[in-house]
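Enquirer: Quick one: the structure is below, questions incoming.
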Amino acid sequence: MNDSFRIGLIVPSSNVTMETEIPAMLNTRPDLYGEEFTFHSSRMRMQSVTQEELEQMDEQSKHCATLLSDARCDVLAYACLIGIMAQGPGYHEESEAALHQQTVENGGDAPVVTSAGALVRAIKRLEADKIALIAPYVEELTQTMIDYFESAGVDVIDYETLECPDNLEVAQLDQRNLVNIAADLDTDAADALVLSSCVQMPSLNSIQAAEDTLGLPVFSAATATTYEILDNLGLSTQVPGAGRLLSGGLNEGH
């Protein structure tokens, strides 16, 4: 009999990528591991990626965690990286603890992953002290994100920001351009490349190509979140063709 897992997704209302890329990765696994995943979403209102809307959105996250715990999900993933980072350095730890407490109080205890926390921890797992990254945000929010990484001890040595404040437009960005954008970055001194720092900006189909081209670990907010979903479920973190982070060799305990 297959093992079945319920994945709860806390999603910005205008996000249309998280519910495609994360299931796409997890659904490559059933033939390998005999697993079944179902996906259950709760949405927080957000249309424009601005500081004000991000703060209003984040206030809704606890209610979303409670609603998803009604469904007795096995793990929850909060997917708005900048929504967490805009609240100040280290906020992912506060958010994950608070949302987990919501599930406990509702009788549906489940671990909670934020894409921001997952990305920070992925950088540590890959022992990447210096990174390059691509972001869709306006410059001010990208600087907020860079400050967040640097407060966690990660040096951002080069970056490209695409200045796209409309969240639906972010989802329409052509991920085929990411490999070319990455090639223009100064990655000689980088330990890793974040191809998409945003769960809304598509990148999954370009992760492996960029890694093969650049010869260094390439990952994204979505692949980092997927790693932690699997790790919290006690499963192998292997997803075929999704880069070194998801090669299956980084969580030796499972």
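Enquirer: Using Cα pairs under 8 angstrom and six or more residues apart, how large is the relative contact order of the chain, in percent?
Expert: 20 percent
Enquirer: May I ask what percent, to the nearest 5, of DSSP beta bridges between residues of the chain are antiparallel?
Expert: 5 percent
Enquirer: Continuing with the same structure: Roughly what would the spin-label model give for SER4 and ASP184, points 7 Å off Cα along C-beta, in nm?
Expert: 4.9 nm
Enquirer: OK, next. If I stretch the segment between THR38 and ASN177 completely, what's the gain in nm (0.36 nm per residue apart, minus their alpha carbon distance), one decimal?
Expert: Value of the extension gain: 46.9 nm.
Enquirer: Please report, in cubic angstrom per residue, the volume enclosed by the convex hull of the alpha-carbon atoms of the stretch 1-138.
Expert: Output value, Cα hull per residue: 123 Å³.
Enquirer: Can you tell me the accessible area per residue over the chain, all protein chains present, probe 1.4 angstrom, in square angstrom?
Expert: 41 Å²
Enquirer: Starting at 0 and stepping by 5 Å, how many percent of the alpha carbon pairs of the stretch 204-254 end up in each bin?
Expert: Per 5 Å bin, starting at zero, the Cα-Cα P(r) for the stretch 204-254 comes out as 5, 25, 32, 21, 11, 5, 1 percent.
Enquirer: Same structure, new question: So I have (1) 29, 26, 19; (2) 26, 22, 16; (3) 32, 18, 17, and one of them is semi-axes √(5λ) of the Cα gyration tensor in Å calculated from this model. Which one is it?
Expert: (2)
Enquirer: Here is a follow-up. Rounded to two decimals, what ratio of Rg to Rh does the stretch 1-62 give with C-alpha atoms and a Kirkwood Rh?
Expert: 1.12
Enquirer: So, by mean Cβ neighbours within 10 angstrom, what's the order for 48-57, 111-120 with the highest one leading?
Expert: The most tightly packed comes first, giving 111-120, 48-57.
The values are calculated or read from the model by the stated rules, or taken from the named source; none is laboratory data. Since we're looking at a predicted model, the values are computed, not measured. Cβ coordinates were reconstructed from backbone atoms using ideal geometry, including for glycine residues, and neighbour counts include every protein chain displayed. Remember, those area values only see protein heavy atoms, side chains included, never the ligands or the DNA or RNA. Shrake-Rupley method; radii C 1.70, N 1.55, O 1.52, S 1.80 Å.
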